[in-house]
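Here is the structure we will look at.
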Number of protein chains: 2
Amino acid sequence: MKNVVLASTSTLHGETYLSYLLPVMKELFAGITEVIFVPYARPGGISHDEYTEKAATVFAAAGYKLRGLHTFEEPAAAIRDAQAFFTGGGNTFLLVKQLHELGLMELLGAAVEQGTPYLGTSAGSNIGGVNMQTTNDMPIVYPPSFQTMGLIPFNLNPHYLDPIPGLPHMGESRETRIREFQVQQDLPVVGLREGSWIRIKDKRVTLEGALSAKIFEKDKEAYEVEVGAELTFG
Amino acid sequence: MKNVVLASTSTLHGETYLSYLLPVMKELFAGITEVIFVPYARPGGISHDEYTEKAATVFAAAGYKLRGLHTFEEPAAAIRDAQAFFTGGGNTFLLVKQLHELGLMELLGAAVEQGTPYLGTSAGSNIGGVNMQTTNDMPIVYPPSFQTMGLIPFNLNPHYLDPIPGLPHMGESRETRIREFQVQQDLPVVGLREGSWIRIKDKRVTLEGALSAKIFEKDKEAYEVEVGAELTFG
């Protein structure tokens, strides 16, 4: 049974790292003692060790041991043997490049499809979509492919931001960017606001958390779905 | 003699397309009758024809004929024979993919290095840098390479935005993204605010326009350069 949480962000404004997700983790990781951490997105360029330590502190307080995937001599075996996964945010290009180059993207996806619980935040949620092509991140490295795990039949846009009224900025809005993507690929995109997450339990995919999400389907006006709603498109 | 303008944006808030750049164009395109337009960035997914028509209207009023590069049976020959170039904004991934796949990126760079005047805005300016890896755009297509023309020995970040005070958004700031890039590549980045442009005359590279630019060099605190200053790093 697929058992997945894909969250827009790790941290809410004014809160500490992962604190708003602790109740979600308790449910997702029920009965689990050790979680494998995928640190490759390296926010701010911190090292894999530093990033793992940051996450491990929070996980330890919640009662889980966290081990960085980068510490295993055979990461493929670590993925196959894992009780659960957490992939943190940072740069999606870095994360995807590393997973592909190590041959781990498909293995990770297969393990999650087979029921190993998975928590993603930000970049770690992006890779739950069909591809990473609706990320907000900068292309700081060149991945061999933009394909990701495809745990859901659509893409995510984490940290979704509504246009800011009165901001005299002529760069493209988030909606414009997503629409440009859909000229290229007919794939629905969920604009996931900070404080919300996608919950996958087997075949049931729902929106959870604090805020409604904005749904973009090609050639349709964007619309909101409310918290608790099932996401059935794609 | 290299003769180039790389502008942050095509359009200032409340103004019409290219209007603030008309005096710059008059100087850059002095003595020129026809400009070749590179429409591949396709803002909002509009067609190459639509985009060319939009730009041609403004150029016609200023006294220049504009022809879309996509209308030539042999675009390589069109680039070699061109009097001048204008590359418009839109999606940098699309622009770079098309130029590489048609084998035109190096030809375009070579023509500009040899003195054919070049105007770029936004995505069209990004490709003047060493690579496109400090674009703000979404990776809506997968280009065969991120390399660009390298008219300057640094990268640009067009539409540079300072952090917005009080915005409770936990996505990465522009500076954080640029710093993450510099963990990967030791390349200076110019945060080019809307209303400003880079002017290249032979070996002299200056900042022009309305606003100072923010300069990011690896392992140095970011600093401002004023309009008129020569950009000598990189």
Hits in region B:201-214 - residues which are in contact with a Gly (Cβ under 8 Å, 6 or more places away or on another chain) and surrounded by 20 or more Cβ atoms within 10 Å (Cβ to Cβ): B:Leu207, B:Gly209, B:Ala213, B:Lys214
Among (1) surrounded by fewer than 23 Cβ atoms within 10 Å (Cβ to Cβ); (2) of a type outside the set (Ser, Thr, Tyr); (3) within 13 Å of chain B (Cβ to nearest Cβ); (4) within 25 Å of A:Glu194 (Cα to Cα), the one test that A:Gly89 misses: (1)
Residue among A:Arg199, A:Arg193 that is closer than 18 Å to A:Glu224 by Cα and in a loop (DSSP other than H, G, I, E, B): A:Arg193
Breaking point among (1) closer than 17 Å to B:Ala7 by Cβ; (2) surrounded by fewer than 23 Cβ atoms within 10 Å (Cβ to Cβ); (3) not β-branched (Val, Ile, Thr), for B:Gln83: (1)
Residue under evaluation B:Met149, criteria (1) touching a residue at least 40 places away in the same chain (Cβ under 8 Å); (2) hydrophobic (A, V, I, L, M, F, W, C); (3) assigned to a strand (DSSP E or B); (4) farther than 30 Å from A:Asp162 by Cβ, criterion not met: (3)
Among the residues listed as B:Leu156, B:Leu207, the single one being in a strand (DSSP E or B), within 24 Å of A:Gly90 (Cβ to Cβ) and aliphatic (A, V, I, L, M): B:Leu156
Residues within region B:136-168 that are within 7 Å of another protein chain (Cβ to nearest Cβ), out of contact with any Lys or Arg (no Cβ under 7 Å at 6 or more places or on another chain) and within 17 Å of B:Ala213 (Cβ to Cβ), tallied: 2
Unique residue being modelled with pLDDT of 95 or more, in contact with a Leu (Cβ under 9 Å, 6 or more places away or on another chain) and more than 12 Å from every other protein chain (Cβ to nearest Cβ) when the list is A:Glu208, A:Glu226: A:Glu226
Selection within region B:107-127 - surrounded by fewer than 17 Cβ atoms within 10 Å (Cβ to Cβ) and either under 12 Å from B:Ile36 (Cβ atoms) or without any contact (Cβ under 8 Å) to a residue 12 or more places away in the chain (or both): B:Ala110, B:Gln114
Hits in region B:9-27 (condition: surrounded by fewer than 17 Cβ atoms within 10 Å (Cβ to Cβ) and either more than 14 Å from B:Gly63 (Cβ to Cβ) or within 14 Å of the chain's Cα centre (by Cα) (or both)): B:His13, B:Gly14, B:Glu15, B:Thr16, B:Tyr17, B:Ser19
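Quickly run through region B:124-135 and pick out the residues that are small (Gly, Ala, Ser) and either within 10 Å of chain A (Cβ to nearest Cβ) or in contact with a His (Cβ under 8 Å, 6 or more places away or on another chain) (or both). Spell out the reasoning first.
Of the residues in region B:124-135, the ones small (Gly, Ala, Ser) are B:124-125, B:128-129.
Within region B:124-135, no residue meets the criteria.
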Output for region A:39-73, where each listed residue is closer than 24 Å to A:Leu107 by Cα and among the acidic types (Asp, Glu): A:Asp49, A:Glu73
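The values are calculated or read from the model by the stated rules, or taken from the named source; none is laboratory data. Source: prediction; values computed, not measured. Every residue, glycine among them, receives a Cβ derived from its backbone with ideal geometry; neighbour counts consider all protein chains shown.
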